[in-house]
Amino acid sequence: MKKFLFLLLLAASATAQLQKIEPPFWYAGMQHADLQIMCYGPKISQYKVSTSNGVVIKNIQKTENPNYVFVTVDTQGLPAQTFDINFTAEGAKKPAFTQSYELKKRRENSRLRKGFDASDVIYLIMSDRFANGNPANDSSPSLTEKADRANPGGRHGGDIQGMINHLDYLQQLGVTALWPTPLCEDNDAKYSYHTYGQSDVYKIDARYGTNEEYVALSKAAHEKGIKLIMDYVTNHWGAEHWMLKDLPSYDWIHQFPGFAQCNYRMTSQFDTNVSEADKKLCVDAWFVKSMPDLNQSNPLLLNYITQNALWWIEYADLDGFRVDTYSYNDKQGIAQWTKAITDEYPYFNIVGEVWMYSQAQMAYWQKDSKIGAIESYNSYLPSVMDFTLQDVLSSVFNENEATWDKGGIRIYNNFTNDFLYPNPNNLLTFIENHDTTRFNELYKNDFQKYQMALTIMATVRGIPQIYYGSEIGMSGDKNKGDADIRRDFPGGWKGDTNNAFSATGRTAEQNRFFDFTAKLLNWRKNNPAVHFGKMKHYLPDNNVYVYFRYTDDQSVMVLVNNSNKAQSVKTSRFQESIQNHTAVYDVLNQKRYELGSEINIDAKSVLILELK
């Protein structure tokens, strides 16, 4: 009995001494072979650290906080196995406590996984507002904010199971990639539903589900041909993050000391005339007071978030990242982070949120940018978001009369600057997202204008992203607050009177939006010309914009009539693109006809014509 009690006390002592170890496990055969293991517990740095099985310790780094020790081990060439990490008190012959650590086997061909690209259509979900698949996890005893669907800015109960339950719906819609807003734990006392202020980056928020359920979502999505993109935050954590309660080092975060408000002037990152004080208040200041700014120039922090990102890719079998507030990071640090991921997974895709309204400024952040090269900078970021196109599409369809700088010419001009981008095909295109007024709010649910915008999205270069509910005409005004643009999807909660997940549950208007969206996106799935084909466009005439997407084997002609009058377009003007084709297939009207000297197009409408 005494021996049993002794063993219990010994186990309790070890648990108290080592409270966290991260990453919790790793994988054999990774390019990132120098594994930095963070060990946390009361005064843990006072112990000597050793390992078993011949695992080599390359470095042991302590900080001014004695509760941390960072142990770097060499995993190069090691097979999948479990080894021990021993902690021995000064002068002792035996370890005070031991922690086993596992190197797991990687999935076959994991390194060569193919990320999302221009052949995909991405569906962005506000995770708390899509569907409540498991009401039992709406609140958690370990987390502060409880469910309150009556509170517009509260937790409503959307979760991972809700996404799994409606993968068939996404497949029917023509979606091929899923981007949920962040799912890791956010223990803020209020407004935690957006989850961009994370409190544990190795743990799925219990109100969304478990780590295992996230892996199950990935597996179920892949079985239906849908890729999974993680919304990753490198710039900041939430103030409730466990590590910020006991900082490893003063410079783990940016301090002034403490909080300083970001000025949000991202141009300071490359402005040759910038004041250093202004630049510091963009890059180092906090996005908001509840989100302390991470210091990516701290090597320990940078390695911590790099390994965390790699761990999630391997663990959850991910296909891409969307990186929040990418251009607010220390630009050298975020470039190292991005390069480490794409070195490990050369075909993985990462899209960064670079919210700027100048193509030159956005292009600066794309991998191999000639603009960045002026100052010898390369972000290594494969994709950026096309905010200039989104800005144009948010107002252009109300410009019925063409002028020198109004109407279709604004759409045309957006693409004249494509020469600035190293890879225009790898831009993320969208008409709205979780931070903007909804498209159908701006245009008062004008179905014709939705058709025009979505057709452009689906047929120009880049990777189209749609925001949950666009496809059923959901609206919402940013000026009324974030909750209005992040409404609950109808039918996602038990007792909803309108179930937009099924044709019979949708209203006639919702079906009108859905049917058009599904027809367009499912057609797009099988059309290489609009995936990776070249683009040739023509100056708008009478507010009609015409462009072609083409390969050696396929050619698609798109006509967008932005005027409020029907138009007749002479085909002779486009002979260099039409060439020897004599017939067309009208994709939206699903009919084939001979190509004559003119094409008639209704007011505020689009035509998608496959040349035959």
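The values are calculated or read from the model by the stated rules, or taken from the named source; none is laboratory data. Just so you know, these numbers come straight off a predicted model, no measurement behind them. Every residue, glycine as well, gets a Cβ built from its backbone with ideal geometry; the counts of neighbours run over all protein chains shown. Only protein heavy atoms, including side chains, enter the accessible area calculation; ligands, DNA and RNA are left aside. Shrake-Rupley method; radii C 1.70, N 1.55, O 1.52, S 1.80 Å.
Annotations for the structure displayed:
- Of the residues in the stretch 414-425, at least one is acidic (D, E) and more than 22 Å from K604 (Cβ to Cβ).
Conditions (1) in contact (Cβ under 8 Å) with a residue 12 or more places away in the chain; (2) crowded, with 19+ Cβ neighbours inside 10 Å, marked per residue:
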residue	(1), (2)
M385	yes, yes
L389	yes, yes
V396	yes, yes
W404	no, no
G407	yes, yes
Y412	yes, no
P424	yes, yes
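- For beta carbons closer than 9 Å, sequence separation of 6+ or different chains, a first residue in the stretch 587-601 that is under 13 Å from V558 (Cα atoms) and a second that is open to solvent by 30 Å² or more (accessible area, probe 1.4 Å) and among the hydroxyl-bearing types (S, T, Y), the qualifying pairs are I599/S568; N600/S568; I601/S568.
- Scanning the stretch 49-73 for residues that are open to solvent by less than 40 Å² (accessible area, probe 1.4 Å), more than 17 Å from T98 (Cβ to Cβ) and part of a loop (DSSP other than H, G, I, E, B) yields T63, N65, N67.
- Strands (runs of 3 or more DSSP E) wholly inside the stretch 555-600 that include at least 1 residues being farther than 30 Å from N398 by Cβ and under 37 Å from the mean Cα position of the chain (by Cα): 555-561, 583-586
- Test: residue in the stretch 221-235 that is in a loop (DSSP other than H, G, I, E, B), without any contact (Cβ under 8 Å) to a residue 60 or more places away in the chain and more than 30 Å from D117 (Cβ to Cβ): no
- Criterion (open to solvent by 10 Å² or more (accessible area, probe 1.4 Å), at negative phi and under 33 Å from the mean Cα position of the chain (by Cα)) met by exactly one of Q76, Q46: Q76
Listed here are the residues, each with its yes/no results for (1) within 25 Å of S383 (Cβ to Cβ); (2) within 18 Å of the chain's Cα centre (by Cα).
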residue	(1), (2)
D159	no, yes
T176	yes, yes
V201	yes, yes
E223	no, no
I226	yes, yes
I229	yes, yes
N235	yes, yes
K245	no, no
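- Residue within the stretch 367-384 that is among the polar types (S, T, N, Q) and part of a helix (DSSP H, G or I) present: no
- Residue in the stretch 515-528 that is over 21 Å from M126 (Cβ atoms), of a type in the set (D, E, K, R) and buried (at least 21 other Cβ atoms within 10 Å of the Cβ) present: yes
- When restricted to residues that are crowded, with 16+ Cβ neighbours inside 10 Å and charged (D, E, K, R), the stretch 321-380 contains 8.
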